[in-house]
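Each remark here refers to the structure printed beneath this line.
The values are calculated or read from the model by the stated rules, or taken from the named source; none is laboratory data. None of the values given here were measured: they were computed from a predicted structure. No Cβ is skipped: glycine too gets one built from the backbone with ideal geometry, and neighbour counts run over all protein chains shown.
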Amino acid sequence: MEVPKFLIILLLAATIASSEARLSSLRQGSSLTVEKESDFLVSPNGTFSSGFYKVDTNASCYSIWFTNSVNKTVVWMANRDKPVSGRVSKLTLHRNGNLVLTDGVGSIVWSTNTFSDAGVEARLLETGNLVLINQEKRVIWQSFDSPTDTLLPSQRLVKNTTLVSVKSQGTYLSGFYNFKFVDNNVLYLVYNGPLLSSVYWPKTDGTVFDIGRTPYNSSRLAVLDEAGQFISSDNLMFNASDYGIGPKRRLTMDYDGILRLYSIDESTGLWEMSWLPDGVDACLVHGLCGAYGICTYKPQPTCSCPYGFSLNDPSDGSKGCSASFDLSNDATKSDFMVLPNTDYYGYDLDTYALGISFSACRNACLTDSRCKGFGYALDGKGQCFPKSFLLDGFHMPILSKSCMLKFQKVF
């Protein structure tokens, strides 16, 4: 029986379209264009895809995402802080071996800065790693060396790599929260804000040995394996709650400053949390509510201000609060506002004292022009915490501490 010619043509067209939509590699001289949303690289088993990901109406980033996850969960972006136009932009593997992303006017936005005389091609591996491979099958560049906010199984976190959160939920710009090795060879969660930086996990009020870490291994190497175990050279180790080979996982530095390990439910495409750090309360994340701001639960973490203050930007609590009155440092004109069950983390002056009365603590802050307020512990130990800055405030009914905020009296 002879097959009609029009069916052969239709089948051939479908085959060509399918091959364009599921590219196994990008060869020298070839490009992926932003207009062809179906034109992207796919890993051998289809777990990951890599192509232009729309971040706004007319803006895209070249990205890698989980193919079958709801909303295509992104795990890497080449140009997260410099999106390209939704027209004419393209990713090209040049004949000199350089993978280059250009915008609508042809300007270079990002490149791998690789050059090779040997034949080179770009491939997306089943691990989610985008690589450039030469004819000798040697990897000359890989996306695993420059993570954004996510670490994938078998991807190494090392001295010069950092997981950086997105700025806010639903955006992809770089935020202020980092997971990285610091100078003492220990992994920390760090708030890296516009004005100040601070470590918020693990707590720094003891030694690294108190939390089971060590600073003596300078290799600075950490990895998440296929079974869901994370292990680091500083002795940090944890397992996914669903530990074992099988589920696809990702370790992500989330926009709210909390590091979370997720496993995907293949039947729904939804992510389930399988680990988060001990002792990281949402309101204890630094930078959440800015200067003078106070994090409270209503029941979700919410930024509020002391009486007489207002949010600088109601849509962004991290920008802090401003007073409607003078915050004077004149001891003859100053008084204190009581903030019960409230504390502002860190920035204690060198006048911190133990075993002194509330009155003595108050007077010490009143006469010190550096002091913006003070915390006083209500545990009977007489702990006085004069503050040079009032940042990272939090309110908890069980907190046995009150904070006194200095302001100018109105006569």
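All conditions in (1) among the polar types (S, T, N, Q); (2) part of a loop (DSSP other than H, G, I, E, B); (3) surrounded by 15 or more Cβ atoms within 10 Å (Cβ to Cβ) hold for residue 252, with the sole exception of (2). Checking the stretch 374-387 against the condition returns no match, with no residue being over 25 Å from residue 204 (Cα atoms) and at pLDDT below 90.
Within the stretch 170-187, if we keep just the residues that are under 11 Å from the mean Cα position of the chain (by Cα) and not aliphatic (A, V, I, L, M), the residue that is farthest from residue 198 (Cα to Cα) turns out to be 172. Every condition in (1) part of a loop (DSSP other than H, G, I, E, B); (2) of a type in the set (Val, Ile, Thr); (3) in contact (Cβ under 8 Å) with a residue 24 or more places away in the chain holds for residue 245 except the one numbered (3).
In this structure, residue 214 does not qualify as within 26 Å of residue 318 (Cβ to Cβ), assigned to a loop (DSSP other than H, G, I, E, B) and free of Cβ contacts under 8 Å to residues at least 40 places away in the same chain.
Candidates in the stretch 29-64 are the residues that are outside any loop (DSSP other than H, G, I, E, B) and either free of Cβ contacts under 8 Å to residues at least 24 places away in the same chain or touching a helix residue (DSSP H, G or I) at 6+ places or on another chain (Cβ under 7 Å) (or both); of these, the one that is farthest from residue 101 (Cα to Cα) is 64. The set of residues from the stretch 368-379 being surrounded by 13 or more Cβ atoms within 10 Å (Cβ to Cβ) and either part of a loop (DSSP other than H, G, I, E, B) or aromatic (Phe, Trp, Tyr) (or both) comprises 368, 370, 371, 372, 374, 376, 378. The C-beta contact set for the stretch 343-361 (first residue in a loop (DSSP other than H, G, I, E, B), second residue at pLDDT below 90, distance under 6 angstrom, 6+ apart or interchain) comprises 345/392.
Elements of the type strands (runs of 3 or more DSSP E) sitting completely within the stretch 65-120 and holding at least 1 residues that are buried (at least 18 other Cβ atoms within 10 Å of the Cβ) and in contact with a Ser or Thr (Cβ under 6 Å, 6 or more places away or on another chain): these cover 74-77, 90-93, 99-102. Of all the numbered requirements in (1) under 23 Å from residue 168 (Cβ atoms); (2) of a type outside the set (Ser, Thr, Tyr); (3) in contact with a strand residue (DSSP E or B) (Cβ under 7 Å, 6 or more places away or on another chain), residue 56 misses one, and that requirement is (3).
A quick yes/no check of all residues on (1) assigned to a strand (DSSP E or B); (2) at pLDDT 95 or above:
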{"residue": "136", "(1), (2)": "no, no"}
{"residue": "148", "(1), (2)": "no, yes"}
{"residue": "157", "(1), (2)": "yes, yes"}
{"residue": "165", "(1), (2)": "yes, yes"}
{"residue": "170", "(1), (2)": "no, no"}
{"residue": "177", "(1), (2)": "yes, yes"}
{"residue": "185", "(1), (2)": "no, yes"}
{"residue": "189", "(1), (2)": "yes, yes"}
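Scanning the stretch 294-342 for residues that are small (Gly, Ala, Ser), under 29 Å from the mean Cα position of the chain (by Cα) and not in a loop (DSSP other than H, G, I, E, B) returns 304, 310, 317, 318, 322. Filtering the stretch 281-293 for residues that are among the aromatic types (Phe, Trp, Tyr) and part of a loop (DSSP other than H, G, I, E, B) leaves a non-empty set.
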